[in-house]
1. Karplus couplings for segment 161-176 from phi (6.51 cos²θ - 1.76 cosθ + 1.60, θ = phi - 60°), rounded to Hz, Gly and Pro as x?
2. Rounding to the nearest 20 debye, state how big the charge dipole of the chain is about its Cα centre with +1 on each Lys and Arg Cβ and -1 on each Asp and Glu Cβ.
3. Cβ neighbours within 10 Å, averaged per peptide: list 246-252, 103-109 in order, most packed at the top.
4. Starting from segment 148-201, pick out the trypsin sites (Lys or Arg not before Pro) whose DSSP state is loop and whose Cβ has at most 12 other Cβ atoms within 10 Å.
5. Calculated FRET efficiency, LYS199 and SER23, Cβ-Cβ r, R0 25 Å, to nearest 0.05?
6. At 1.4 Å probe size, what's the solvent-accessible area of GLU127? Round to the nearest 10 Å².
7. Hey, can you grab everything whose amide H is under 5 Å from the amide H of VAL188? Only 5+ residues off in sequence or another chain; H modelled, so Pro and N-termini drop out.
8. Multiplying the sequence separation of THR68 and TYR159 by 0.36 nm and subtracting their Cα-Cα distance, what value in nm do you get?
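The values are calculated or read from the model by the stated rules, or taken from the named source; none is laboratory data. Nothing here was measured: the structure is a model prediction, and the numbers come from that model. FYI the Cβ positions are ideal-geometry reconstructions off the backbone, even for glycines, and counts take in every protein chain you see. Side chains are part of the model used for accessible areas, which takes the heavy atoms of the whole protein and leaves out ligands, DNA and RNA. Shrake-Rupley method; radii C 1.70, N 1.55, O 1.52, S 1.80 Å.
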Amino acid sequence: MSVHKAESKKITTHTLQEMKRSSEKIAMLTAYDFTMAKIFDQAGIDVLLVGDSASNVMAGHETTLPITLDQMIYHAASVVRGVQRALVVVDMPFGSYQGNSSEALRSAIRIMKESGGHAVKMEGGSEIKESIARILTAGVPVMGHLGLTPQSIYKFGTYTVRAKEEDEANKLIEDAQILEETGCFALVLEKIPASLAKKVAENIEIPVIGIGAGPYVDGQVLVAHDMLGINKEFKPRFLRRYADLNHLMTEAIFHYVSDVKGQQFPNLDECY
Ligand code: KIV
């Protein structure tokens with residue numbers, strides 16, 4: 001097995017923009033804890049997203065809505081402690097920025113101060129433009145997120161592909177331009193047609209990172225627990241599984257239980 005040897009130079013928002021200019025693809029994954037973040041960082045990941053998908057993956061909620069700002073800060077601080085090279089982007093959770101731009105700024109500052117993260121991510125377009133601008137004035141880099149935005153799941157009603165219709169596609173193109181003009185350093189596009197994602201990536205200069213948005217963008221992001229096959233229930237078409245850790249872990253636990261019950265563990269070498 002060949003393991004990518006991580007270069008030690010820290011990734012910054014500028015590195016990502018340089019990567020787009022030189023057509024080097026950006027590899028991004030979610031991380032929610034110290035141990036996983038350390039493994040991913042040492043394997044050469046460019047960006048770690050402390051996603052509010054922690055609400056589903058770590059806490060077992062059905063949606064991303066319940067996770068709190070305090071909980072996001074706890075996950076983000078754990079990730080930051082495991083990272084030497086990757087850029088750590090932290091999702092602003094539902095309810096921490098939609099009220100007004102002062103609330104948004106306060107939340108972003110708490111994330112940066114208390115977690116040590118390097119940037120924040122926010123879902124939405126023109127409707128959160130003011131909040132993004134206010135956060136940027138405080139020196140906090142912002143990553144945008146358009147397409148399927150899970151914090152709006154009760155508005156959408158389903159997790160199906162977004163922006164298949166012309167009106168929604170046009171609004172998305174316009175929003176991407178607004179986010180670039182406002183000063184976002186990068187943009188996530190989730191679950192939209194590949195042709196639309198291509199158009200957006202070609203029309204704006206900031207890096208576009210896709211999840212279920214096809215190959216014609218500047219980078220890819222996946223939820224780590226899905227691509228590692230820890231979580232087996234979630235099987236969207238866009239997901240490629242790179243391992244079956246669920247199977248490996250289940251086998252290991254079976255073996256351990258059987259050893260304990262059969263008094264095969266610990267043996268004499270494993271005692272003091
Ligand atoms: O929270 C998350 O994991 C995300 C990714 C799906 C982009 O926002």
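1. Result, rounded to whole Hz: 4, 9, 6, 7, 8, 4, 4, 5, 5, 5, 5, 5, 4, 5, 4, 4.
2. On the way: 28 positive and 34 negative charges, 65 e Å.
Here the chain has a charge dipole of around 320 debye.
3. 103-109, 246-252
4. Those that pass, being in a loop and sparsely packed, are LYS164.
5. Working: r = 17 Å, r/R0 = 0.69.
That pair, LYS199 with SER23, gives E of 0.90.
6. 120 Å²
7. Distant-sequence amide H within range of VAL188: GLY144, HIS145, LEU146, ILE209.
8. 30.6 nm
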